[in-house]
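The values are calculated or read from the model by the stated rules, or taken from the named source; none is laboratory data. Because the structure is a prediction, the values reported are computed rather than measured. Here the Cβ positions follow ideal geometry from the backbone for every residue, glycine too, while neighbour counts run over all protein chains shown.
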Amino acid sequence: MESPKRLRILIAGGYGHVGSNIAGHIRKKYANIELILCGRHPEKGEQLAIGLGHAESKYLDLTTDFDLGSFGDIDLVIAALQDPKNALIEAAIAHGIAHISITKLADELAPIVFLLQQRASKSRIVLADHWQAGILTLVAKEAATQFSKIDHMETACLYDTEDPIGPMIAAQLDSFVGRALLRRNRKWEWLDATQNARSLQLSDGSSIDAYPMGTLDVPSLAAISDSPNVRFDISIGKSIGMNKGEKASHDLYIDIEGTLLSGEHGKIRTIVSDPEGQSHLTALGVLLATEAVLGLEGYHAVEKGGLYLPETIISTPIAFARLKEFGVVITQINR
């Protein structure tokens, strides 16, 4: 499929584990989009850029002054790395171009929100900092349509240590179980994750400890569902793929309890499993956000500047079609 015009996308961290998956997904669908893979060691991305075609690997160091203009005309910046200075977002706002972030937690967003409110910018800032860049929230949003009233929405991921990850995620693992955000009886609570674990029953019937996190899935799902109880947890264990004797998968568990459209009380579990692992699934979330914000795959391009979330710009039917196309398995169970 060809993009309607020659677009240029800068992927910061573009030859890393997640970034290379993002680049590969974009290239699989759009042969003519030009990709700029950026990082502190551009020589590591040269072979990837050659293999992708219409791509180049360039130097980028966010610890020094960042000049987006030095990369030429850019239509979209994707931050597949940590950006503690918000250098990429601030540059996108200053230049009025689109930006997708995937690494920030809920308590890191205030500077971005306030900055964009003060600037008359055409920049479209997509906060895809949910787990797997919004995939979990999009699937949970669809599952929630089966309820007239939701009392509990408990979501979780299972990370398998056999699933390869890049150095960025490896460095973050310890911090994942720290200060967490959840909604309990309509009250927003920031708490110590280690003191608030829950038991997550896996698809094979076993149970494992899962710890809450402050991902954007929590406020997103609370807004979508009006559920008084919402949480997202991370667990580490043996994945569905490994249990099948295959390679490690990345698995998402979505448990919703409430009043069904039929009027009966019900519990529905949805399991999302990517046999290619967490980096592959995260990159799919970024692909979906990229298509939506740039007006690809039948979308109308987002033209109004402001903050956007995956669930506010991504078409659910397109999302589910993409997940199936890329081999992601979605299973629903009435409990």
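When the stretch 262-291 is examined, which residues are found to be buried (at least 23 other Cβ atoms within 10 Å of the Cβ), of a type in the set (A, V, I, L, M, F, W, C) and touching a strand residue (DSSP E or B) at 6+ places or on another chain (Cβ under 8 Å)? Listed by number, the residues that qualify are Val272, Leu281, Leu284, Val286, Ala289. Residues considered: Gly24, Gly45. Of these, the only one that is part of a helix (DSSP H, G or I) and at pLDDT 95 or above is Gly24. Residues in the stretch 159-205 that are under 21 Å from His250 (Cα atoms), modelled with pLDDT under 95 and of a type in the set (Gly, Ala, Ser): Gly166, Ala170, Ala171, Ser175, Ser203, Gly205. Residues that are touching a residue at least 12 places away in the same chain (Cβ under 8 Å) and of a type outside the set (Ser, Thr, Tyr) within the stretch 189-205 comprise Trp190, Leu191, Asp192, Ala193, Asn196, Ala197, Arg198, Leu200, Leu202, Asp204, listed in sequence order. Of the residues examined, Ser227 is one that is more than 17 Å from the chain's Cα centre (by Cα), within 19 Å of Leu138 (Cα to Cα) and not in a helix (DSSP H, G or I). Of everything in the stretch 104-116 that is exposed (fewer than 15 other Cβ atoms within 10 Å of the Cβ) and touching a strand residue (DSSP E or B) at 6+ places or on another chain (Cβ under 9 Å), the residue that is farthest from His130 (Cα to Cα) is Val113.
Can you confirm whether Thr194 is of a type in the set (S, T, N, Q), under 24 Å from the mean Cα position of the chain (by Cα) and within 24 Å of Tyr308 (Cα to Cα)? It is false that Thr194 is of a type in the set (S, T, N, Q), under 24 Å from the mean Cα position of the chain (by Cα) and within 24 Å of Tyr308 (Cα to Cα). Please specify each residue of the stretch 203-238 satisfying the condition of being surrounded by fewer than 20 Cβ atoms within 10 Å (Cβ to Cβ), farther than 19 Å from Gly258 by Cα and of a type outside the set (Ser, Thr, Tyr). Listed by number, the residues that qualify are Asp204, Gly205, Ile208, Asp209, Ile236, Gly237, Lys238.
Taken as a whole, the condition of being farther than 24 Å from His17 by Cβ and either hydrophobic (A, V, I, L, M, F, W, C) or at pLDDT 95 or above (or both) applies to Gly263.
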